[in-house]
Amino acid sequence: MDLLRFNTCGSVDDGKSTLIGRLLYDSKSLMEDQIEALERSADITGGGQVNLANLTDGLRAEREQGITIDVAYRYFATPRRKFIVADTPGHVQYTRNMVTGASTANLSIILVDARAGVIEQSRRHTAIASLLRIPHLVIAVNKMDLVDWSEARFNEIRAEFEQFLPRLDIKDVKFIPMSALNGDNVVTPSAHTPWYGGPTLLSHLETVHIASDWNLQGLRLPVQWVNRPNQPTDPRLHDFRGFSGQIAGGIVRAGQKVMVLPSGITTTVKEIHTYDGPVAEAFCPQSVTLVLAHDVDVSRGNMIIGPDDLPGSASDLHAKVCWMHPRALQPGKKYWLKHTTHTVQAAVTEITHRINISSLEQEPAPAGLALNDIGEIRLRTSAPLVFDGYATNRLTGSFILIEQGTHATVAAGMLHPPRELVRPEDADFVI
Amino acid sequence: MSNYHLDHLQYLETEAIHIMREVAGEFERPALLFSGGKDSICLLRLAEKAFRPAEIPLPFLNVDTGHHFPELNEFRDRRARELGGKLIVRKVEDAIARGLAQPAPGEVSRNRLQIPTLLAAIEEFRFDCCIGGARRDEEKARAKERFFSYRDSFGQWDPKSQRPEIWNLYNARLNPGENMRVFPLSNWTEMDVWEYIRQEKLEVPSIYFSHRRHCVRRQGQWLPVNDIQPPKPTEEVRELTVRVRTIGDIISTGLVESPAATVDDIIAEIAAARVTERGSRADDKASEAAMEDRKKAGYF
């Protein structure tokens, strides 16, 4: 069965948790003891009214304060698909949490209160989804019951969105009128929207085309671990040396030519080893172990690539970052930078500007970048990175920054396309 | 294009293998928590997939409460032997004898006492990372936990200051004395676990399948008759056809009446189930925040 990962975003009272609760409830993914626990908590906090939001607000502080602290993950299945939902809160730390929840999503649902229409938060959420290059977007126009199921109101909101959508790079957008509280157009079609000919939310989630969401162009295998069995007695394993990793892009075939970076050595793939036996080809995001034809020096942090589609290599980098920590970005300070399986030191040399998330306009950033800011930076790393632009490959175009000392994850970064590609003619170590 | 597409189990598997290999690549002294339960059985298969033909580069650790089902310990020891792995067992009893764990007056359950026993084992072997089989669908507090869950030098989890996890980039950096708990099955559901057991033809302990057993009725559930808390004359005892859905201690694991004799039967039963897996665990029912409190104190 297919698996679809999506996240929900909206501001505090847009009804995100209610929507997820409704999806779980109406798709019969809730169990009796969960419903029982809901009813128990209804007596305490809800004045007797079952609150679907309590399904996702897991921590005590959240239930007491009626807020969602962090990204919560939910799981449900229908006969057509399995779903992983990241519920990302819309309050203070929204950018950080949304980036976290959306980074692995195929699809984002942006909730809009039909009474309020497009507010600044809606623009922000849409802009973040666009920055992160989420392949599919759903604008859930919620609380339609409170605007008398007005088609005109729905069209008005849709038109507002469509005004700024062209500025964003989103391929697939769907608008759905609904009431999460009452369940209209969430799982079952609503009798209140005869003017709406589209699918319900669930039906859209079940059918949206996700097969091409992974990058199948340009082989990239970041080496995670070198597989060297220590079994001198078994002649078959004595010389086994495999390079294990999750394919981050493209397709690898047994017998094909590959290049190891940064060394530039080229060789061929002798075998694609898996626990279940050798395979003729493997693709992103499968985890495999490559045995190479020659005994070359490869270690964790190296990248095995297909020589037809070259990545960039540089230690001066240009990237967008989302700052995720209360301690603001400090230019010149050394951070750890983790990119694929490679960790290097990095210093930010310049904050070129801040991005106004509502308008996507560039602004000067005299005060630097603080928590939940998104900005453009230049940085210099202690060793060159082998990378792609984030727009080309989400896995080889992304990185995190880690503060030295506390080891807090302070930023998520998206690399700009490389200015220069790896030059194979420099690699004169062809075996 | 359709040839280059993973189904849900293949996706969950590659994600989990990636996490296992990150652990091997990033930590000096990792261990894998292996109880013999169904989730940790999947972990072992994933470890084989991640590391074969080499040896699995981390020992298996189990905290034995002394209240385990005997079938479970037998299975645990045998499976570890079959894989050629090193199994380390640390007992709550020994932790009590050494004064590291102190039962409260009248406290029979060993649930809480697993925590100091685990932390002592981590200190003894200087483990910097423990891989566990917890899943986010099990419980609400788990739903907010990271794949790489940072614990301070007291083994505590602080849900409000977790490290954000973005894409597949896991921050594994620690200071001395700190520890990481890593959960490769975070995104798996109970159904996924059983489907994986079926796909991989994995052996599981016999108590997961239907069998005849003397049961005692306590707090609305059937518990196995056991020597630790023998039935009182006022309690109802019956011989029933039951199985376990989730395995905890013998004094707290609810049994479900079930004719499920094969993995296929179990999958059909879960598909039709109307209560969650942890609905049969008395330790989670203590309060709405029971799991949250135990995790903050250093629970798995």
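Read-outs: derived from the displayed coordinates by stated rules, not from any lab. All values reported here derive from a predicted model rather than from experimental measurement. Quick reminder, even Gly has a Cβ in these numbers, built from the backbone with ideal geometry, and neighbours come from all protein chains shown.
Since only B:Trp222, B:Ser206, B:Cys129 are under comparison, the one whose Cα sits farthest along the positive direction of the charge dipole of the range B:94-237, derived from C-beta charges on Lys, Arg, Asp and Glu, is B:Trp222.
Partner lysines whose Cα lies under 24 Å from the Cα of A:Lys28, excluding those fewer than 8 positions away in the same chain, are identified as A:Lys16, A:Lys82, A:Lys143, B:Lys140, B:Lys144, B:Lys285. The residue among B:Gly85, B:Ala95, B:Leu118 whose Cα reaches farthest toward the positive pole of the charge dipole of the range B:74-143, with charges on the beta-carbon of Lys, Arg, Asp and Glu, is B:Gly85.
Projected label points at A:Gln256 and B:Glu123, each 7 Å from Cα along the beta carbon direction, are separated by 5.2 nanometres. Each DSSP beta bridge with both residues in the protein assembly as shown is either parallel or antiparallel, and the antiparallel ones are about 70%.
Taking a ≥ b ≥ c as the square roots of the eigenvalues of the Cα gyration tensor, the protein assembly as shown is oblate, since a/c reaches 1.5 or more and a/b is not larger than b/c.
Our note on the geometry: Cα centres of the range B:27-47 and the range A:330-381, 38 Å apart.
Shown in residue order for the range B:189-204 are the 3J(HN,Hα) couplings computed by the Karplus curve 6.51 cos²θ - 1.76 cosθ + 1.60 at θ = phi - 60°: 9, 4, 5, 4, 4, 6, 5, 5, 4, 5, 4, 8, 6, 8, 7, 10 Hz (x for Gly and Pro).
Using Cβ point charges alone (K and R +1, D and E -1), the dipole size of the range A:319-410 about the Cα centre works out to roughly 280 debye. Classify chain B from the C-alpha gyration tensor, please: rounded if a/c falls under 1.5, else prolate or oblate depending on whether a/b exceeds b/c. In terms of gyration-tensor shape, oblate. Seen against the Cα atoms of chain A and their longest principal axis, helix A:151-164 is set at about 30 degrees. Charge dipole (Cα centre; +1 on Lys/Arg Cβ, -1 on Asp/Glu Cβ; no other charges) of the range A:145-239 amounts to roughly 520 debye.
Structure remark: mean-square fluctuation, Gaussian network model of chain B, C-alpha springs under 10 Å; the largest value among B:Ala172, B:Ala97, B:Ala141 belongs to B:Ala97. When a/c reaches 1.5 or more, the comparison of a/b and b/c decides; with that in mind, is chain A rounded, prolate or oblate per its Cα gyration tensor? Since a/c reaches 1.5 and a/b is larger than b/c, the shape of chain A is classed as prolate. About its Cα centre, chain A has a charge dipole of approximately 680 debye under the convention of +1 per Lys or Arg Cβ and -1 per Asp or Glu Cβ, with nothing else charged. Fewest-first ordering of B:Asp265, B:Asp7 by other beta carbons within 10 Å of each residue's beta carbon gives B:Asp7, B:Asp265. You can think of it this way: the chain between B:Glu235 and B:Lys91 has 48.8 nm of extra reach, that is 0.36 nm per residue less the Cα-Cα gap. Could you calculate the FRET efficiency of B:Lys160 with A:Glu160 from 1/(1 + (r/R0)^6), where r is the beta carbon distance between them and R0 is 30 Å, rounded to 0.05? Efficiency at R0 = 30 Å is approximately 0.25.
Any idea what the relative contact order of chain A is, in percent, if you count C-alpha pairs under 8 Å spaced at least 6 apart? Walk me through the numbers on the way to the answer.
On the way: 970 pairs, mean separation 52.4, N = 431.
12 percent.
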